[in-house]
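Novice: Before I ask anything, here is the structure I am working with.
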Amino acid sequence: MTTPRIGRVERTTKETSVKVELNLDGRGNTDISTGVGFYDHMLDQLGRHGLFDLTVKTDGDLHIDTHHTIEDTALAIGAAFKQALGDKVGIYRFGNCTVPLDESLAQVTVDLSGRPYLVHTEPEGMAPMIGTYDTTMTRHILESFVAQAQIALHVHVPYGRNAHHIVECQFKALARALRYASELDPRAAGILPSTKGAL
């Protein structure tokens, strides 16, 4: 039986205090508390659909706005994901998933490449807020996660009307794509999926 791949990160600044634990080989159990309700809902989707056990505890300067809380949480989750991946030996490396949510559709493709790069498109004219969640933060969440996880991520939402649906289908598709890419390939045990010898 393989050792569970777990990342643990604590990140404290003058703006936020974040604690994250991520188990790539979990069952989708989540315990999320950031103080931003819709963001908690999205991180719950990330854990449940990725089958990652994910604990997130963030105490941020919400008296200013939600930006620092959302950003620093995404940075910590990205760092925990990278830590949990370890040496990446035996993983599939690539993953993709397309998820519909009523009228919205998200297409996500990931390469656990060791090189951070994000391509992100959403429909224009989205509602600016979902509760206290600023919808312009979705891209910034992905940018922050990618920077710390050191992965290449392409997220495309070709259409959608409802802002809640547009954002949620992205997190669900991201969860699945990350799950498929990070899972261990039984045919590639002990093999690093790179011709360069490093990821």
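Novice: Residue check, residue 88 against (1) open to solvent by less than 40 Å² (accessible area, probe 1.4 Å); (2) touching a strand residue (DSSP E or B) at 6+ places or on another chain (Cβ under 7 Å), all met but one. Which one?
Specialist: (2)
Novice: Oh, and also: Test of understanding: among 12, 55, which residue is of a type in the set (Val, Ile, Thr) and over 26 Å from residue 98 (Cα atoms)? Quick ask: steps written out before the conclusion?
Specialist: Numbers: 55 fails: over 26 Å from residue 98 (Cα atoms).
Among 12, 55, only 12 is of a type in the set (Val, Ile, Thr) and over 26 Å from residue 98 (Cα atoms).
Novice: Which one of these is under 27 Å from residue 164 (Cα atoms), modelled with pLDDT of 95 or more and either buried (at least 19 other Cβ atoms within 10 Å of the Cβ) or of a type in the set (D, E, K, R) (or both): 119, 108? Show your work before the answer.
Specialist: Details: 119 fails: either buried (at least 19 other Cβ atoms within 10 Å of the Cβ) or of a type in the set (D, E, K, R) (or both).
So the residue among 119, 108 that is under 27 Å from residue 164 (Cα atoms), modelled with pLDDT of 95 or more and either buried (at least 19 other Cβ atoms within 10 Å of the Cβ) or of a type in the set (D, E, K, R) (or both) is 108.
Novice: Take the residues in the stretch 9-26 that are open to solvent by less than 20 Å² (accessible area, probe 1.4 Å) and assigned to a loop (DSSP other than H, G, I, E, B), then tell me which one is nearest to residue 53 (Cα to Cα). Explain how you work it out, then say what you get.
Specialist: Restricting attention to the stretch 9-26, the residues satisfying the condition of being open to solvent by less than 20 Å² (accessible area, probe 1.4 Å) are 16, 18, 20, 22, 24, 26.
Then drop every residue that is not assigned to a loop (DSSP other than H, G, I, E, B), which leaves 24, 26.
Details: 24: 7, 26: 5 Å.
Filtering first and then ranking leaves 26.
Novice: Restricting the first residue to the stretch 177-193 and requiring it to be open to solvent by 40 Å² or more (accessible area, probe 1.4 Å), which pairs with a second residue that is of a type in the set (Ser, Thr, Tyr) and outside any helix (DSSP H, G or I) meet a Cβ separation below 7 Å and a spacing of at least six or different chains?
Specialist: Qualifying pairs under 7 Å: 180/92; 183/92; 184/2.
Novice: Tally the residues that are buried (at least 22 other Cβ atoms within 10 Å of the Cβ), free of Cβ contacts under 8 Å to residues at least 60 places away in the same chain and either over 16 Å from residue 96 (Cα atoms) or not aliphatic (A, V, I, L, M) (or both), restricting the search to the stretch 142-171.
Specialist: Residues meeting the conditions: 1.
Novice: Out of everything in the stretch 29-85 that is of a type in the set (Ser, Thr, Tyr) and surrounded by fewer than 20 Cβ atoms within 10 Å (Cβ to Cβ), what residue ends up being nearest to residue 180 (Cα to Cα)? Reasoning before the result, please.
Specialist: If we filter the stretch 29-85 for residues that are of a type in the set (Ser, Thr, Tyr), which is where we start, we get 30, 33-34, 39, 55, 58, 66, 69, 73.
Then keep just the ones that are surrounded by fewer than 20 Cβ atoms within 10 Å (Cβ to Cβ); that gives 30, 33, 55.
Values: 30: 19, 33: 26, 55: 20 Å.
Here the answer is 30.
Novice: Collect the residues in the stretch 153-187 that are under 19 Å from residue 52 (Cα atoms) and among the basic types (Lys, Arg), keeping them in residue-number order.
Specialist: 172, 176, 179 - these are the residues of the stretch 153-187 that are under 19 Å from residue 52 (Cα atoms) and among the basic types (Lys, Arg).
Novice: Does the stretch 129-141 contain at least one residue that is open to solvent by 20 Å² or more (accessible area, probe 1.4 Å), in contact (Cβ under 8 Å) with a residue 60 or more places away in the chain and within 12 Å of the chain's Cα centre (by Cα)? I'd like the intermediate steps shown before the answer.
Specialist: In the first step, residues of the stretch 129-141 are kept if they are open to solvent by 20 Å² or more (accessible area, probe 1.4 Å); the result is 129-132, 134, 136, 139-140.
Those left that are additionally in contact (Cβ under 8 Å) with a residue 60 or more places away in the chain: 130-132, 134, 140.
Applying the additional criterion that residues be within 12 Å of the chain's Cα centre (by Cα) yields 140.
Yes, the conditions are met somewhere in the stretch 129-141.
Novice: A further question follows. On the given criteria, is residue 177 more than 19 Å from residue 127 (Cα to Cα) and in contact with a Lys or Arg (Cβ under 9 Å, 6 or more places away or on another chain)? Outline the logic, then answer.
Specialist: On the way: more than 19 Å from residue 127 (Cα to Cα): yes; in contact with a Lys or Arg (Cβ under 9 Å, 6 or more places away or on another chain): no.
No.
The values are calculated or read from the model by the stated rules, or taken from the named source; none is laboratory data. Bear in mind that the values here come from a model prediction, so they are computed numbers and not experimental data. With ideal geometry, Cβ positions are generated from the backbone for all residues, glycine too; neighbour counts draw on all protein chains shown. The protein model used for the area step is the full one, side chains on, heavy atoms only, and it has no ligands, DNA or RNA in it. Shrake-Rupley method; radii C 1.70, N 1.55, O 1.52, S 1.80 Å.
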